[in-house]
1. If you place +1 on the Cβ of every Lys and Arg and -1 on the Cβ of every Asp and Glu, how big does the dipole about the Cα centre of the range A:122-185 come out, in debye to the nearest 20?
2. Please compute the contact order of chain B in relative form: average sequence separation of alpha-carbon pairs under 8 Å and at least six residues apart, divided by the residue count, as a percent.
3. Roughly what % of DSSP beta bridges within the protein assembly as shown run antiparallel, to the nearest 5?
4. Which of B:S67, B:A122, B:H141 sits closest to the plus end of the dipole of the range B:17-143, meaning its Cα is farthest towards the positive end, when Lys and Arg get +1 and Asp and Glu get -1 on the C-beta?
5. Apply 1/(1 + (r/R0)^6) to the Cβ-Cβ distance of B:D108 and A:K203, taking R0 = 45 Å, and write down the FRET efficiency to the nearest 0.05.
6. Taking 0.36 nm per residue of separation and subtracting the Cα-Cα distance, what length does fully extending A:S236 through A:A51 add?
7. Any chance you could list P(r) for chain A, counting all Cα-Cα pairs in 10 angstrom bins from zero, rounded to whole %?
8. Can you show me the helix-derived [θ] at 222 nm for the protein assembly as shown, built from DSSP H runs with n ≥ 4 at -39,500 (n - 2.57) apiece and divided by the number of residues, rounded to the nearest 500.
Amino acid sequence: MFIDPHAHMISRTTDDYQAMAEAGIVALIEPAFWQGQPRTHVATYEDYLAAIMGFERFRASQFGIRHYCTVGLNSKEANDEALAEAVMEILPRFALKEGVVAIGEIGYDEQTELEDRYFRAQLELAKRIELPILVHTPHRDKKKGTDRSLAVCAEHGIDRSMVIVDHNNEETIDAVLDGGYWAAFSVYPTTKMGKARMVSLMKQYGAERVIVNSACDWGISEPLAVAKTAALALESGVSPEAVHLACYANALAAYGQSGQMHESDWLEPLAIDQRQDFEGNSILRGGAEPEVRTRKVQQRAA
Amino acid sequence: MAIGNAGDEPSKQGAIQAARALLGDWLQASIGAEAGAWLAEALAPTEDRQAIDLAFGLAPRRLGKRSLSDDAERRAHAAALLPGWDPSLWAVDEAARVLIAAQAADVDGATLDRLARHADIAEQVALYRGLPLYGPQLDLHDLLGRGLRTHATPVFQAIAHRNPWPAAHLDEHRWNHLVLKALFMEISLTPLIGLQARANPALSRMAQDYADERRAAGRQVPDDLWHCVRPEDTPHTRPGQAA
């Protein structure tokens with residue numbers, strides 16, 4: 001049983017969902033993000049947020065995967081001031097929806113003044129409504145950008161246990177773990193973090209507050225990164241307990257602080273959730289139609 | 001079949017108010033005192049759109065998601081007030097969201113529409129289950145049209161199943177497409193209210209064409225497809241019958 005706490009499924013296919021379910025992913029988190037091209041209207045943003053907590057959640061449910069999301073203004077689009085102001089106005093309404101487990105992904109890209117302003121504004125929003133924060137660390141000037149993100153969180157008095165710092169690497173892990181934050185790693189085929197490097201880090205640092213994710217998106221990325229990293233870690237002698245923490249339990253503990261994500265959501269779905277079609281349960285269909293839904297994965301790997 | 005009979009409006013309005021009161025009492029009987037107090041405050045008449053948005057979103061957190069209490073008497077009363085209406089399978093948060101949406105509908109159509117435009121799947125389900133309670137003064141066809149275009153089965157089921165609104169309000173074209181889409185989505189026709197009363201030659205033809213299309217593709221024809229076909233409209237043979 002795995003959780004992928006960072007997966008942009010809106011950019012992925014049903015084959016990916018099927019493969020993830022077969023590989024043992026029971027829940028995933030879809031952070032609001034940059035779609036590869038700038039949105040230029042707040043209404044586009046609203047529709048995007050509605051989609052990741054609407055239709056995308058339904059798509060995941062068809063494969064027996066629980067879908068959660070985070071909402072936020074990403075660092076790139078924070079540089080469009082008119083858009084950013086409008087997005088900040090609509091965010092609170094989305095942030096309180098069911099299954100929203102954090103404000104994110106937020107932070108720095110180029111480390112501009114506008115990025116800084118909206119990062120801080122969203123930290124304050126998260127604090128006010130008691131949601132965890134998913135911090136995206138920049139791809140360029142990463143070490144300094146990460147340190148700065150941590151310093152700004154501290155300056156705003158954010159409880160460290162409520163902050164998940166993502167896209168870490170060998171250069172940033174010490175500052176994040178020493179600071180008392182959750183350290184997440186996006187295991188990407190070519191950039192960010194590789195599977196073998198991730199296993200080395202698990203061997204060196206253990207798994208306390210370490211979270212593995214795929215960050216699969218519209219680029220070359222791997223929806224099975226969590227499951228494959230877990231397999232390689234076990235093969236390489238990392239303990240099953242440590243793999244369980246890094247590939248399941250830590251993500252649940254960190255994002256579960258939202259009160260919107262519980263293990264029972266997938267282990268013991270309520271009757272009401274079955275009525276929402278989770279795993280294709282058909283109690284509302286009157287039992288009359290055939291059970292032909294080949295796209296649904298009934299059996300998941302343990 | 002009465003479709004939007006304007007002469008009935010005062011009595012219709014009375015039945016809707018009675019149905020809302022029944023649902024409110026049923027809901028209060030199904031939740032604890034603290035949740036009940038929150039609900040009473042959330043349902044106090046208001047024109048504050050933000051308060052309505054917030055209450056709509058917060059309902060599951062404040063009330064939980066257990067089912068409405070098992071209550072045969074209220075169930076029968078519901079069916080007597082609005083023929084075909086059956087909220088007995090709803091969860092408490094859904095019932096609350098329906099009443100909050102009804103409150104939005106009382107403000108105006110735009111306030112209800114605002115809820116719909118930002119609704120997640122569970123919220124959409126509640127919005128469409130609530131259709132019979134919004135009152136005859138609103139034109140709900142645009143809202144309904146958006147719901148019918150969904151590919152999310154729970155949303156479509158909220159419109160199609162155990163909901164008397166579509167059969168009472170949709171014109172023949174849209175009704176036929178609702179039924180055909182239910183077949184296409186492999187959703188049972190059995191819980192559709194008004195299936196027999198709204199049967200018509202065009203629907204019989206469409207359903208039989210669809211059956212032919214399924215057979216041509218080597219796919220099974222859903223058994224309950226025949227529930228929307230009138231016997232007098234069957235030039236085609238039914239499965240098992242000789243050609």
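1. Details: 8 positive and 11 negative charges, 39 e Å.
With Lys and Arg at +1 and Asp and Glu at -1, about 180 debye.
2. On the way: 276 pairs, mean separation 41.2, N = 243.
Result for chain B is 17 percent.
3. On the way: 2 of 28 bridges.
Beta bridges within the protein assembly as shown, antiparallel portion: roughly 5 percent.
4. B:S67
5. Working: r = 62 Å, r/R0 = 1.39.
Computed FRET efficiency for B:D108 and A:K203 comes out at 0.10.
6. Working: separation 185, 0.36 × 185 = 66.60 nm, distance 3.96 nm.
Roughly 62.6 nm would be gained on extension.
7. Reading the bins upward from 0: 6, 29, 36, 21, 6, 1, 0.
8. Values: 25 runs with 263 residues, N = 545.
Mean residue ellipticity, 222 nm, calculated: -14500 deg cm²/dmol.
Bear in mind that the values in this text are calculations on the coordinates, not laboratory data. Because the structure is predicted, anything quoted here is derived from the model rather than measured. Neighbour counts are summed over all protein chains in view; Cβ atoms, including those assigned to glycine, are modelled from backbone coordinates with ideal geometry.
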